[in-house]
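Taking it in order: structure first as structure tokens, then the write-up.
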Amino acid sequence: MLNFFQSQLLFYISIILVLFLPGYFLLLVVFGKGKFSNLEKLVISFGLSIISVDFLMLLMGKLSISITRLSIFAAISIFSAVCFGIYKFRENKFSKDESASKLFDFSKNQSILIILLLFLTIFIKTSYLKDSIFPNSTDLGHHMYWSKLISETGQLPIYEETNIIQVDGSYQISPPQKIADFIIGEHLIFSAINLLSGISFISYFPSAILFLVDIFSILAIFIIALRFFEDNKGVKLIGVLTLFLIGPVYAISSPQIKFASGGVIGNIIGNLFIPLAFYFYLRAFKEKNSFFLAVALLVSAGLGYTHHLSMLIFIFAFLFSFAIFFVFNIRRMQEIATEWKKIIFSPAVISIFILIFIFIFFVYTPTYLNAKAIDTAVGAPSKDTRAGLTFTQFKFSAGEARMAIGIIGIILLLFYRRLKNYSGAIIAGWTLALFAMSLWPNWLFMDIISSRIGNYSSFPLAILSAFVLFKIFSTLQNETSQKNYLSQKFLLSFFALILLFIFTSGFYDNSQSLSAQGAEGNLRSIETFHAAEFLAKNINNSDAVLKDHNYIAADSWIKLFFMKGYGYPLSRGYFRRYDDAVTKREMCTLWMISTPNTTAGEKCFSGTGTDFVMLNPEYDGAQFQKSKKFWQIYSGKEINIYYKAN
Amino acid sequence: MKEKKIILILVLFLLASFSYLAFVETRQADLNYQKNWWVVYFENPRNESLNFTIENHSDQNKFHWEVLQDKTKLSEGEAQISKGEKNTIPVDLKDVIGKKITISISDSKEKKEIYKQF
């Protein structure tokens, strides 16, 4: 029990060190204390900390400084101390912004409502996570291999893997080949927390961190909603309604807590950085402040170092926002361009541009910035799953109620002439870009899985839906207004119906996810880990291991026990992969488990040097038990290990 | 001030949630807690040694083991292993070349086998 408390304490200290301190001090040195409310400081510090730690670790890697507990601690401490020192030196030069304290000064009832919504959000997500916190999701296992590699080697990883290739009729393991699927920002913070706290990668900690990021992305949506509508009298109500629409309702569905337990790291962090980037762009142009633009660029760069899809979505959302703003301000564009010029050509912004340029070209180039990776994402849709969603599919991605009401929100923005404001242009551009990318990707010449894009739409649609609800609510309140075109009774009924729609749709979605899961998969995962641990103790450098992905639980985590390469052990993938008509796949991993005693199977064993096989005996045990070449050396309920002795 | 209270309460919610999840996961990761499984494996999987280990994480404590050459029983025994413990059983056989030696272990509910073929 003492160990549990000790590890918990170290874990929380590491979270503060990695995910709050550097960002807080960075914020302090750039803006001083007066530009943000406390809640904004908390949320922004979190996002900026991730970016700061990423860049610090990248710099350490470039300078060949070994990434260890001591060096990480020293880097974060020095960075924070330098920021604080500069802040103290410039302390008197910072101006104070009163709007922040007014905007976030909630009434007692509003505070209670916000606390209640946060409680419900965390409670529902925790209820879901309690059965899925155990580390067994495939994606998370893949990602944690790279994070563990950083922790073990003290160096930035080279993203590469080996494959089985056929040379002159025989099979062999290829030399390592570069892979563009992984991006460094997805792995660094996990390594930093592991190094500082000593907590195991094979534990609750990766999902817990993603859960935290998910909560902060919800708070980021809350603060940006308040900033979007800060000139509106009912801004706080819009904020609370946004929190309701992005918090407790659809709390489990993708891209929220399901992505956290599923280890979809890039999406989860992307959903934090996208609203944060827009937050800073909005304030930069609205307040004509170059420091906000500098930080906006820094957050955009952080996004670029974390997730390619999120970055692409952000670029499109930005371009759509710009186009909308341009169209609705076409007569004033010359005057606006002069304002922009002053902000852009400022020392702060130019410095950040130079810093980003240096990082991309001299420190670390994101792995996806190569012709092959770009080619796979751009072009006509190559598969059905990339040809766009139907409206029905899209509503499941966005949340039915949010989508329906959000569409009305865009019409309302147009009706209330808000699209010529920065706020209106950004929220409309953000939403419309996601609509276009999800529903009609061929218009934008994109070749990316459409459902993955659709998941991003829940965030802007929540803000738009909150705006619609507020408009109905404010019309109801304002009984004497001459502007009411519909009767109060009708509006009241309509408002009640919409709330009912949101409640039933959002909570039905939650209940479906909660009832569908169970903890029974955890025992299967434990057996996998036990078998992997046994094998890790008994293999040497000349051994090659093959495992099955179809019937073994948590198999992607097996590589964390060996740490002999991303492609180690070899894996029999899903059967449909071997029937891919577009890309020709190697067949050895299939043959070695499904038909080990055939000539092709034996040739594969011999060529790849595979001598240990991990599989589920219920499905694949028979073919090995028939053979005289294999020893059954480990026998469990869900997993057996065979050794090829002859 | 109310904003600070919101932050404080949020931090408390998160702390409670994280601690609960950590506690739940620690129990889920416990090989024995509310679990019922056991495994058997060779002490040395790649040489001729037939010593094997039964690792028990089930509620059963008694195991019966047999050493078989094809279907002929060469030796047998009982092993008493508490939950969370393991027991290595030495098997000393000579002249095994060309033979398949199977170790069969059973508790009252299930049976598992491991074997080597020389």
Response to the item:
Per the filter on region B:89-109, residues within 14 Å of another protein chain (Cβ to nearest Cβ) and either part of a strand (DSSP E or B) or within 13 Å of B:Asn56 (Cα to Cα) (or both) are B:Lys100, B:Ile101, B:Thr102, B:Ile103, B:Ser104, B:Ile105, B:Ser106, B:Asp107
Fill in: Hits in region A:98-122 (condition: without any contact (Cβ under 8 Å) to a residue 60 or more places away in the chain and part of a helix (DSSP H, G or I))
A:Glu98, A:Lys102, A:Lys108, A:Asn109, A:Ser111, A:Ile112, A:Ile115, A:Leu116, A:Phe119
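Listed here are the residues, each with its yes/no results for (1) within 12 Å of chain B (Cβ to nearest Cβ); (2) in a helix (DSSP H, G or I); (3) without any contact (Cβ under 8 Å) to a residue 40 or more places away in the chain.
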{"residue": "A:Ile199", "(1), (2), (3)": "yes, no, no"}
{"residue": "A:Asp214", "(1), (2), (3)": "yes, yes, no"}
{"residue": "A:Leu219", "(1), (2), (3)": "yes, yes, no"}
{"residue": "A:Val240", "(1), (2), (3)": "yes, yes, no"}
{"residue": "A:Leu243", "(1), (2), (3)": "yes, yes, no"}
{"residue": "A:Ser253", "(1), (2), (3)": "no, no, no"}
{"residue": "A:Lys258", "(1), (2), (3)": "no, yes, no"}
Worksheet, complete the sentence: Residues of region A:164-183 being within 27 Å of A:Leu309 (Cβ to Cβ), in contact with a Gly (Cβ under 8 Å, 6 or more places away or on another chain) and surrounded by 17 or more Cβ atoms within 10 Å (Cβ to Cβ), in sequence order, are A:Ile183
Worksheet item: Does A:Ser458 meet the test of being among the hydroxyl-bearing types (Ser, Thr, Tyr) and closer than 30 Å to A:Val235 by Cα?
Response: yes
Worksheet item: If the Cβ limit is 6 Å and pairs must be 6+ apart or interchain, which residue in region A:621-646 that is within 17 Å of B:Asn56 (Cα to Cα) pairs with which residue that is among the basic types (Lys, Arg)?
Response: A:Ser635/B:Lys112; A:Glu638/A:Arg524
Discussion item. Considering only residues that are more than 25 Å from the chain's Cα centre (by Cα) and over 21 Å from A:Val82 (Cα atoms), which ones fall in region A:1-35?
Written reply: A:Met1, A:Leu2, A:Asn3, A:Phe4, A:Phe5, A:Gln6, A:Ser7, A:Leu9
Discussion item. For the list (1) surrounded by fewer than 17 Cβ atoms within 10 Å (Cβ to Cβ); (2) away from chain A (no Cβ under 13 Å); (3) in a strand (DSSP E or B), I need the number of the one condition that B:Lys86 fails.
Written reply: (2)
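For every residue, the table says whether it meets (1) among the small types (Gly, Ala, Ser); (2) under 24 Å from A:Ala251 (Cα atoms); (3) touching a Leu at 6+ places or on another chain (Cβ under 9 Å).
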| position | (1), (2), (3) |
| --- | --- |
| A:Cys83 | no, no, yes |
| A:Lys88 | no, no, no |
| A:Lys93 | no, no, no |
| A:Asp97 | no, no, no |
| A:Lys102 | no, no, no |
| A:Ser111 | yes, yes, no |
| A:Leu117 | no, yes, yes |
| A:Leu120 | no, yes, no |
| A:Phe123 | no, yes, no |
Practice prompt. At least 2 residues that are of a type in the set (Ser, Thr, Tyr) and surrounded by fewer than 13 Cβ atoms within 10 Å (Cβ to Cβ) in each: list the strands (runs of 3 or more DSSP E) lying fully within region B:4-69 that qualify.
Written response: none
Worksheet item: Hey, A:Glu230 hits all of (1) farther than 30 Å from A:Asn136 by Cα; (2) assigned to a loop (DSSP other than H, G, I, E, B); (3) under 20 Å from the mean Cα position of the chain (by Cα) but one; which does it fall short on?
Response: (3)
Item to complete: Find the residue count for region A:626-646, including only residues that are at the interface with another protein chain (Cβ under 7 Å from one of its Cβ atoms) and closer than 15 Å to A:Tyr551 by Cα.
Response: 2
Worksheet item: Among all residue pairs at least 6 apart or on different chains, which show Cβ distances below 6 Å where the first residue, located in region A:417-434, is within 10 Å of A:Phe325 (Cα to Cα) and the second is polar (S, T, N, Q)?
Response: A:Lys420/A:Asn329; A:Ala425/A:Ser321; A:Ile426/A:Ser321; A:Gly429/A:Ser321
Practice prompt. Being touching an Asp or Glu at 6+ places or on another chain (Cβ under 6 Å) and buried (at least 22 other Cβ atoms within 10 Å of the Cβ) narrows it down to one of A:Leu19, A:Leu48, A:Leu39, A:Leu26, so name that one.
Written response: A:Leu39
Discussion item. Name the single residue that is nearest to the chain's Cα centre (by Cα) among those in region A:148-163 being among the hydroxyl-bearing types (Ser, Thr, Tyr) and assigned to a loop (DSSP other than H, G, I, E, B).
Written reply: A:Tyr159
Worksheet item: Here are some residues: A:Phe4, A:Phe11, A:Phe46. Which one is more than 11 Å from chain B (Cβ to nearest Cβ) and in a helix (DSSP H, G or I)?
Response: A:Phe46
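Laboratory data are not the source of any read-out in this text; all were calculated from the coordinates shown. Given the structure is predicted, the values throughout are model-derived calculations rather than measurements. Neighbour counts run over all protein chains shown; Cβ positions are idealised from the backbone, glycine included.
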